[in-house]
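K.L.:
Okay, handing you the structure first.
The values are calculated or read from the model by the stated rules, or taken from the named source; none is laboratory data. Nothing here was measured: the structure is a model prediction, and the numbers come from that model. Backbone-built Cβ (ideal geometry, glycine too); neighbour counts: all protein chains shown. Ligands, DNA and RNA are excluded from the accessible area calculation, which covers all protein heavy atoms including side chains. Shrake-Rupley method; radii C 1.70, N 1.55, O 1.52, S 1.80 Å.
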Amino acid sequence: FDDEGNIYAAGSCYGTGFPVTLGAYDVLYSSGGDIVISKYSPDGSNLLYCTYIGGIGEEYPHSMIVQNGNLFIYGTTFSFDFPVSAQSYSQNLNGICDIYIACLSTSGSTLLASTFIGGTWSDGVNMIQVYRCDSRRGEIITAANGDVLVASGTLSQNFPTTPGAFRANSSGGQDGIVFRMNASLSTLIWSTYIGSGIHDMAFGIRESSDGAIFVCGAANNMFSPFPTVAGCYQPSPLGALDAFIAKFNS
């Protein structure tokens, strides 16, 4: 929801006939499974806009956040022709599937920014699956200055990281990833892996008032320890799958 109480919903659609609205960004179904984004009035009585977004392959929405009336969407795409903006950080599908970040205007009529981000394998999917749809996880938020922060996961050994990152290289298996981009989705400000040697995934992210970044997720780390710090509450795993909470500096 936004500051005015308008409601936003996202899903995947596998055919024509979804109730898109006149003037929406994309009123035509592409193929394979498109994202559908809907905006409703606070009481749910009016459909303010509804649009498809997608390419020839499948797309999934995982998380959304509203910033200054514009809707930022994070998810996974299998489409080489997923719509991206001219100044996007990456204009090409890099692997089997990539993370996408997209921004819709307040009216839903314009795709203000959109980008791929990923390595040469699968990104934005989750191998730690306990419940139905656990493969679709992670979160997008906006920082105090308008930047975009994302928590997710990757199977790629070469997901883009930045100089000075906490961990520039994959630990093996699936790793959690945390990254920050500018609002126009043209620049990767910082990006890091976080994980052990088996499967890890970052599920949620928040920014504190002093700019520190908190990330939570799950770690499957019985035989390859997740990175902890001296004096932490629980330095070693107690089960096959443990939760983790991590704090990064700004």
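K.L.:
For residues that are over 16 Å from E139 (Cβ atoms) and crowded, with 22+ Cβ neighbours inside 10 Å, tally how many sit in region 198-233.
P.N.:
Adding up the residues that qualify gives 5.
K.L.:
Could you check how many residues of region 175-190 are out of contact with any Asp or Glu (no Cβ under 7 Å at 6 or more places or on another chain), in contact (Cβ under 8 Å) with a residue 60 or more places away in the chain and open to solvent by less than 10 Å² (accessible area, probe 1.4 Å)?
P.N.:
3
Residue by residue, here is whether (1) out of contact with any helix residue (DSSP H, G or I) (no Cβ under 6 Å at 6 or more places or on another chain); (2) more than 17 Å from I73 (Cβ to Cβ); (3) surrounded by 19 or more Cβ atoms within 10 Å (Cβ to Cβ) holds:
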{"site": "D3", "(1), (2), (3)": "yes, yes, no"}
{"site": "A9", "(1), (2), (3)": "yes, no, no"}
{"site": "T16", "(1), (2), (3)": "yes, yes, no"}
{"site": "I35", "(1), (2), (3)": "yes, no, yes"}
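K.L.:
Run N158 past the list (1) in a strand (DSSP E or B); (2) open to solvent by 10 Å² or more (accessible area, probe 1.4 Å) and report the number of the one that doesn't hold.
P.N.:
All conditions are met except number (1).
K.L.:
Given the criterion modelled with pLDDT under 95 and under 30 Å from Q157 (Cα atoms), identify the matching residue among S31, S90, S85, S79.
P.N.:
From the options S31, S90, S85, S79, the qualifying one is S31.
K.L.:
Another question about this same structure. Among all residue pairs at least 6 apart or on different chains, which show Cβ distances below 6 Å where the first residue, located in region 38-58, is modelled with pLDDT of 95 or more and the second is open to solvent by 40 Å² or more (accessible area, probe 1.4 Å) and charged (D, E, K, R)?
P.N.:
Listed by first residue and then by second, the contacts come to G55/D81; I56/D81.
K.L.:
Taking the condition modelled with pLDDT under 95, of a type in the set (S, T, N, Q) and under 28 Å from S90 (Cα atoms), does S224 pass?
P.N.:
No: the conditions fail for S224.
K.L.:
Right, another one. Among the numbered criteria (1) over 26 Å from S114 (Cβ atoms); (2) in contact with an Asp or Glu (Cβ under 6 Å, 6 or more places away or on another chain); (3) surrounded by fewer than 21 Cβ atoms within 10 Å (Cβ to Cβ), which single criterion is violated by G195?
P.N.:
(3)
K.L.:
Could you list, in sequence order, the residues of region 45-65 that are part of a loop (DSSP other than H, G, I, E, B) and open to solvent by less than 20 Å² (accessible area, probe 1.4 Å)?
P.N.:
Residues satisfying the conditions are G54, G55, G57.
K.L.:
Going through region 1-25 one residue at a time, which ones are of a type in the set (D, E) and in contact (Cβ under 8 Å) with a residue 40 or more places away in the chain?
P.N.:
Listed by number, the residues that qualify are D2, D3.
K.L.:
If you don't mind, another one. Contact list please: Cβ distance under 7 Å, first residue in region 123-140 and without any contact (Cβ under 8 Å) to a residue 40 or more places away in the chain, second residue open to solvent by 90 Å² or more (accessible area, probe 1.4 Å) and assigned to a loop (DSSP other than H, G, I, E, B), pairs at least six apart or on different chains.
P.N.:
Close Cβ pairs (under 7 Å, with a partner that is open to solvent by 90 Å² or more (accessible area, probe 1.4 Å) and assigned to a loop (DSSP other than H, G, I, E, B)) amount to S135/Q129.
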